[in-house]
Every structure is written in structure tokens, then in C-alpha cells.
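Asker: Before we start, here is the structure in question, set down as C-alpha cells.
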Amino acid sequence: MKRPGLWTLGLFALIILALPVMASTVTASIGTQNFTNNSFHLDNDYAAAGGVGPFDNSMCGGDDDVSGNCSANWSFTYTTLQTVTGVSFKIGLSSLDSIMAGNQLGSFVIDGFDETAALNAAFEANQSILRPQTDATHTGVYAGFNLGGGPGTDCYSAGDGQNDFCSEYNVYTVNLTDAALLAALSGSGSQTINLSLALQGPGAGAFGFDAGQNLNCVFDPFDQIGVGAPLQSNDPCPTTFNGARLDFSQLTLTGSNGSTGVPEPGTVTLLVVGLAGVVVRKFRG
């Protein structure tokens with residue numbers, strides 16, 4: 001059998017080096033998206049959706065003055081990419097209340113890297129609100145939303161035949177470009193990433209209390225409760241703490257595996273020998 005000549009080996013090496021590095025994507029998630037972005041639902045709807053802790057749609061913290069802020073920690077384990085060039089983080093949650101004054105995100109950390117500013121910008125760009133109560137005989141407009149009573153409206157409760165207080169569900173996506181984070185997430189084999197998120201007040205509630213736990217605010221846009229001014233408010237009452245219901249979280253890494261353009265020493269040797277064979281053959285011919 002005829003053996004391949006040196007010029008054949010050189011050509012083969014050139015082909016190997018010319019092959020492009022294929023882009024790859026790795027996705028890890030906890031929970032699944034159970035609701036539509038910018039939709040409104042009752043507490044019972046979230047509870048029925050369930051999930052995997054801490055993304056189980058149970059109340060994390062509370063929109064009040066005693067329960068504390070929502071704080072959660074979780075991790076993703078996945079097979080990483082040799083070179084990570086992009087990171088996309090997605091989270092679905094309800095009752096964020098980012099329409100309230102200030103920032104409702106206290107901190108967001110991925111594997112020791114503070115990414116609070118990026119996620120907070122997304123929270124503020126698509127603000128979450130609390131809808132007031134209406135019944136079948138009252139309608140109104142709050143924050144640009146039409147509040148009609150009865151079946152078919154976002155917050156209608158078949159249990160009591162009226163609309164109840166309900167919170168907005170939002171999905172937020174941020175693309176992270178921190179070079180140090182990308183380098184830390186690059187590697188080979190199995191890797192675990194730790195994440196933490198903490199909200200902060202003010203939250204939004206149906207009732208508000210002063211420092212002495214005295215009722216000082218009632219969210220009553222239709223004057224139905226009857227507690228009288230000045231307690232009534234046409235806006236949600238600010239609360240000391242901010243709670244939320246966490247639905248799902250997803251982390252997507254993009255990048256590549258294998259060579260990024262710097263050949264291995266063995267490949268270089270093969271290329272040199274092959275090219276030398278091409279040159280010798282040329283001069284002999």
C-alpha cells in the first residue's frame with residue numbers, strides 16, 4: 001500500500017488548522033416559566049404553580065413591615081465551555097414592586113461577581129406593580145390599566161365572585177459582559193455556579209404602617225373600605241420590606257470548546273514537516 005507523502009501530510013495539517021471552532025451553548029435552569037410576562041395573578045394562582053425551591057412560587061419575604069426582604073441562594077451545575085464569550089441570565093418572579101420609589105434590588109451576585117447594576121437596570125426598565133381590588137360593579141383606571149370586574153379579568157376570583165388584590169408577573173433577561181466573570185466561568189468538565197439575590201424596600205402593599213405599627217395607609221382607589229381620609233391612598237402603600245414569589249431562573253453560556261486559533265505544538269510540527277515535504281517535492285519536480 002502506498003504511504004502518504006509529506007506533501008499530503010502538510011495539506012492535511014493545513015486543513016485541520018483551517019477548520020473553524022464551532023460555537024456552543026450551555027443552558028442550566030431551575031423551575032419553568034409558568035406565567036406570561038407582564039400578566040397579573042392571584043396568590044392562589046402562584047401557589048398552584050409550585051416549583052422547585054427557592055423557585056417554588058411561595059412567598060419569599062413579605063410586602064409588610066415585619067417579614068423581611070426576599071433573599072435567595074441557589075446554584076447551577078453544568079458542563080462548562082473551554083472559552084465562555086457571553087452569559088445570559090433570565091429570571092421570572094412576581095410582586096417585585098419596582099414601580100415604587102428607589103431600587104427594589106439590594107444585591108445580585110454570580111459566583112462572587114457583583115452583577116447588581118445590570119439586573120437592577122432591567123427591573124427598573126419594566127416596572128412591576130400591584131393591582132387594586134375591584135368588584136363587578138366598579139371599574140377604574142390605575143397606572144394605565146383598565147380595571148374591569150367580573151369573570152375574564154386578570155384578577156377575578158371565582159371563590160368570592162370579585163376581583164382581589166393581585167401582583168404582576170415579570171420575566172427579566174440580562175446579558176452579562178464582565179470579562180472577569182466570563183473568564184471565571186470558562187473551563188472544562190463539570191462546574192457549579194453559585195448565585196444569590198436579595199430584594200430591598202420599599203415594597204408595595206394594600207396596607208401601610210408607621211414605625212409604631214399603627215395603620216397609616218390603605219390602598220383604596222375606589223373608596224370602598226370606608227376608613228376615611230387621610231388613611232386612604234390611590235397608590236399602593238409603601239412597605240418597609242419587599243417580598244416576591246420566585247418562579248424560575250435560567251443561565252445560558254455561549255462560547256466554544258477546543259482550539260481558539262493557537263495550534264498545539266504537535267500540530268505545528270506536523271505542519272512544518274508537511275510544508276517542507278511540499279517544498280522538496282516542488283524542487284525535485
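Asker: Just checking, how many residues over region 72-111 are of a type in the set (Ser, Thr, Tyr), outside any loop (DSSP other than H, G, I, E, B), crowded, with 16+ Cβ neighbours inside 10 Å and under 17 Å from the mean Cα position of the chain (by Cα)?
Answerer: Total satisfying the criteria: 1.
Asker: OK, next. Report the residue count in region 218-239 for those that are closer than 23 Å to residue 92 by Cα and either modelled with pLDDT of 90 or more or in a strand (DSSP E or B) (or both). Even if it seems obvious, please write down each step before you answer.
Answerer: So the first thing to find is which residues in region 218-239 are closer than 23 Å to residue 92 by Cα, and the list is 236, 238-239.
Going one step further and asking which of them are either modelled with pLDDT of 90 or more or in a strand (DSSP E or B) (or both), we end up with 238-239.
Matching residues across region 218-239 total 2.
Asker: Restricting the search to region 36-53, which residues are within 25 Å of residue 195 (Cα to Cα) and either surrounded by fewer than 18 Cβ atoms within 10 Å (Cβ to Cβ) or of a type in the set (Gly, Ala, Ser) (or both)?
Answerer: Listed by number, the residues that qualify are 36, 37, 38, 47, 49, 50, 51, 52, 53.
Asker: If you check 204, 125, 184, which single one turns out to be within 26 Å of residue 61 (Cα to Cα), under 20 Å from the mean Cα position of the chain (by Cα) and modelled with pLDDT of 85 or more?
Answerer: 125
Asker: Continuing with this model, one more query. Name, by its number, the condition in (1) farther than 22 Å from residue 208 by Cα; (2) of a type in the set (Asp, Glu); (3) part of a loop (DSSP other than H, G, I, E, B) that does not hold for residue 63.
Answerer: (1)
Asker: I'd like to check something: does region 173-180 contain any residue that is at pLDDT 95 or above and either farther than 20 Å from residue 114 by Cβ or among the hydroxyl-bearing types (Ser, Thr, Tyr) (or both)?
Answerer: Yes, there is a match, as at least one residue in region 173-180 is at pLDDT 95 or above and either farther than 20 Å from residue 114 by Cβ or among the hydroxyl-bearing types (Ser, Thr, Tyr) (or both).
The values are calculated or read from the model by the stated rules, or taken from the named source; none is laboratory data. What you see is a predicted model; the values in this text were computed from it and never measured. Counting neighbours? That spans all protein chains shown, and the Cβs are built from the backbone with ideal geometry, glycine included.
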